[in-house]
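Comments concern the structure below.
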Number of protein chains: 2
Amino acid sequence: MEASKSKVLGVLGGGQLGRMLIQSAINYNQDIYILDPDPQAPCSEIAQKFVCGSLKDFDTVYAFGKDCDVITVEIESVNTEALEKLESEGKKVFPQPHIIRLIQDKREQKQFYKNSGIPTADFILTASQAEVMAQSDFLPAVNKLGKDGYDGRGVQVLRNEGDFDKAFDAPGLLEKLIDFDREIAVIVARNEKGDLKIYPSVECAFHPTANLVEFLFAPAEINSQLEERAQEIAKEVILKLDMVGLLAVEMFVTKEGEILVNEIAPRPHNSGHHTIEANFTSQFEQHLRAVMNWPLGDTRLRCPAAMINLLGEEGFTGEAIVEGKEEAMSEQGVYIHLYGKKITKPFRKMGHVTLLDQSLEQLKVRANRIKNLIKIKS
Amino acid sequence: MEASKSKVLGVLGGGQLGRMLIQSAINYNQDIYILDPDPQAPCSEIAQKFVCGSLKDFDTVYAFGKDCDVITVEIESVNTEALEKLESEGKKVFPQPHIIRLIQDKREQKQFYKNSGIPTADFILTASQAEVMAQSDFLPAVNKLGKDGYDGRGVQVLRNEGDFDKAFDAPGLLEKLIDFDREIAVIVARNEKGDLKIYPSVECAFHPTANLVEFLFAPAEINSQLEERAQEIAKEVILKLDMVGLLAVEMFVTKEGEILVNEIAPRPHNSGHHTIEANFTSQFEQHLRAVMNWPLGDTRLRCPAAMINLLGEEGFTGEAIVEGKEEAMSEQGVYIHLYGKKITKPFRKMGHVTLLDQSLEQLKVRANRIKNLIKIKS
């Protein structure tokens, strides 16, 4: 027997991921409290309780967490000391604070892969620009900032010595540039009881300059051995982390047919947005099920799907205006999601579109057209 | 070019229908204001603005509507004079006030069918219990109260003269009891531009005593001629009403293969709840599209579905407790929707479950099991 409104779920971060989590939680009459520094955050108007405050301040996070029964995140840059204290006092914190701390530092993340035998690109830790510049032999490589990179910031491709001026003069790492065939992502979930469910892999196509996912296609066009291997790796990562919650694992498929883990995110992720319409259980509901220790849902794909990120158009900053919405809505299989952000700026994630169709071929043609149809301007 | 947050949609009523409408509207960044007399109404915590006040009071409804651009309803018992004044002052009110008034009175509704040539059971208008009792020859019949019937209240079956003590002593009607083969429902939507879309018909199974839909199955098991005829009738009703919005048309299929309109509801309806998961466009999104004059969505069914109403268990009144939720969630294709009502009472609509499966045969077995599994007690 369980009361229909028993436990409060607190979420650190009130952006679009929290917003879609709330939409899903309404079905279960699950109260959600949100902490976010932006009074106009996408969750501000629909959370049962919205607290405006810093995610990085110990006292703010601790006080927020005291009012909740279960605490989760929709962004990794949060105060982990407060979460650890809350955990030590008996609160459920999923993903666990030590995992959030690991994710906050790409250097530790890479070390974890290495120590756990998880396949990943070769790397060297670097502490300064000078240390990067000493590694000419390691090029071409990707220079990643250890901390505070997000949505494409904190990553630089260094093809030759001429690119050294772009190297970060801060603790980071240098990773072998992988000549990959494709980039895929697998989402895996695990609850406290230990139930584990894996979504089919999807294929990500990145924006040529902004280092952001521009399109996503589900399922990924890879053979069954690669699919199995990708699922196996995702499972291995969540088990080695001993993590409870939802984990997105981004991977490279190399031209030699090897799979290497690129990055992981311990929360709902851009590569799972299509699951709202395309899978039997959305990643947001699955996250909820995982952190609340409910049974996990069916991850199967119902039909092929594409996802198009609606990014703020270059050259426009200010109050957002959506162009082409109604024209897109008149097509079959078009699902628009706007995140309620009042202000647009170049490449800001303002929304996304899920597209359902019979085949990946049709989806590829249509995804391009929809992207050119809907524009976020000001 | 359209601003992403341009028009405010006001909804009279803040129950579960408004709640599911809000869940859908979040995708479009569409602000919704709600008016409801209950401060703890299911919409109270998720509406952009929640006004606590009477739906029947002219001044309250008028003042509420003045703050909105488009006004709709999720319940019919509202002050139509205020809506007419708002309409005359240039507000968009969908469904139009004269249609809401028609629906408020089952006598006028029946006259409308008759005058418009829409097939419906024969009937006699009655003003009092004495007038009903004068109609022995018309039995067996259904005695319906003209006004204020809702969710099974205001309807009595009179099989013979011995049932006359149950007859209403108020303006109502006596309708021939139809020896029907099955009850079906068709939802149709129309926007201001005149676009019109019809959902496939569904089959409704009523609770033996509470006169409430207990189960729903989609699609209805009827042949293609009957399906076509049902769609044609639904279309005829919305066109004869010249209505903008979403209309649910409940119909009898008689043993002779005739289709008769039973009742209509100019809003999202219990017979369309399965569309959230089972159809390409949910009835809630379709309602939004219709009243906002956006293009209408694809109404096709994605797979067979059942819907089970979660009614308050007999013998329990008080703070609601949901039994069996997690056990149900562990099954594939089970979608639980709880409406956020704090207090349960016998037969109160507390939530619903949508069930997806390969075939209607499997769904029928599973629907019964789920109904016995999830119980709303106190």
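Derived scalar couplings between HN and Hα for region B:34-47 equal 10, 10, 7, x, 9, x, 9, 4, x, 8, 4, 9, 10, 6 Hz in order, rounded to whole Hz, by the Karplus curve 6.51 cos²θ - 1.76 cosθ + 1.60 (θ = phi - 60°), x for Gly and Pro. Between B:GLU74, B:GLU285, B:GLU228, the GNM of chain B built on Cα springs shorter than 10 angstrom shows B:GLU228 fluctuating the most.
Label positions at A:LYS255 and B:LEU301, each projected 7 Å from the Cα along the C-beta direction, are separated by 5.1 nm. Shortest first and in nm to one decimal, what separations exist between B:LYS66 and its copies in the other chains, measuring from label points 7 Å along the Cα-to-beta-carbon line? Label point to label point, same position, other copies: 4.4 nm. What is the list of residues in region B:29-62 whose amide nitrogen lies under 18 Å from a point 7 angstrom out from the Cα of B:ILE343, following Cα to Cβ? Under 18 Å, as judged by backbone N against the label point of B:ILE343, lie B:36-45, B:52-55 of region B:29-62. Packing, as the average of other Cβ atoms within 10 Å across residues, places the peptides A:340-353, B:317-330 in the order A:340-353, B:317-330, highest first. Of the peptides A:112-118, B:121-127, A:172-178, B:59-65, the order by per-residue mean of other Cβ atoms within 10 Å, starting with the highest, comes out as A:172-178, B:59-65, B:121-127, A:112-118. Put the Cα centre of region B:292-326 next to the Cα centre of region B:185-199 and the gap is 22 Å. Per-residue shielding of A:16-22, expressed as the average number of other chain Cβ atoms within 10 Å of the residue Cβ, stands at 1. Residues considered: B:ALA47, B:ALA218, B:ALA210. Largest GNM mean-square fluctuation over chain B, using C-alpha springs under 10 Å, is found at B:ALA210. Give A:LYS176/A:LYS364; A:LYS49/B:LYS345; B:LYS110/B:LYS345; A:LYS91/A:LYS235; B:LYS110/B:LYS147 a once-over and call out the pairs whose C-alpha atoms are over 20 Å from each other. Distance filter (> 20 Å) returns A:LYS176/A:LYS364; A:LYS49/B:LYS345; B:LYS110/B:LYS345; A:LYS91/A:LYS235.
Maximal additional length on extending the B:ASP195-B:GLU331 stretch stands at 45.1 nm, based on 0.36 nm per residue less the C-alpha distance.
Between copies, A:LYS49 shows label-point distances of 2.6 nm, shortest first, with the point placed 7 angstrom from Cα along Cα to C-beta. The alpha-carbon atoms of the protein assembly as shown, seen along their principal axes, cover 104, 52, 49 angstrom, with the largest extent given first. The helix-based estimate of mean residue ellipticity at 222 nm for chain A, built from -39,500 (n - 2.57) per DSSP H run of four or more residues and divided by its residue count, is -7500 deg cm²/dmol to the nearest 500. First check a/c for region A:9-93, with a ≥ b ≥ c the square roots of the eigenvalues of its C-alpha gyration tensor; if it is under 1.5, answer rounded, and if not, answer prolate when a/b is larger than b/c or oblate otherwise. Because a/c hits 1.5 or more and a/b fails to exceed b/c, region A:9-93 counts as oblate. For A:ALA210, the label point sits 7 Å beyond Cα toward Cβ; its separations from the matching points on the remaining copies run 4.9 nm, from shortest to longest.
The share of accessible area on region B:273-314 that comes from carbon and sulfur is 42 percent, using a 1.4 angstrom probe. Relative to its Kirkwood radius, the Cα radius of gyration of chain B gives an Rg/Rh of 0.95.
The values are calculated or read from the model by the stated rules, or taken from the named source; none is laboratory data. Predicted, not measured: the structure shown is a model, and the values here were computed from it. Here Cβ is always computed from backbone atoms with ideal geometry, including for glycine, and neighbour counts include all displayed protein chains. Side chains are part of the model used for accessible areas, which takes the heavy atoms of the whole protein and leaves out ligands, DNA and RNA. Shrake-Rupley method; radii C 1.70, N 1.55, O 1.52, S 1.80 Å.
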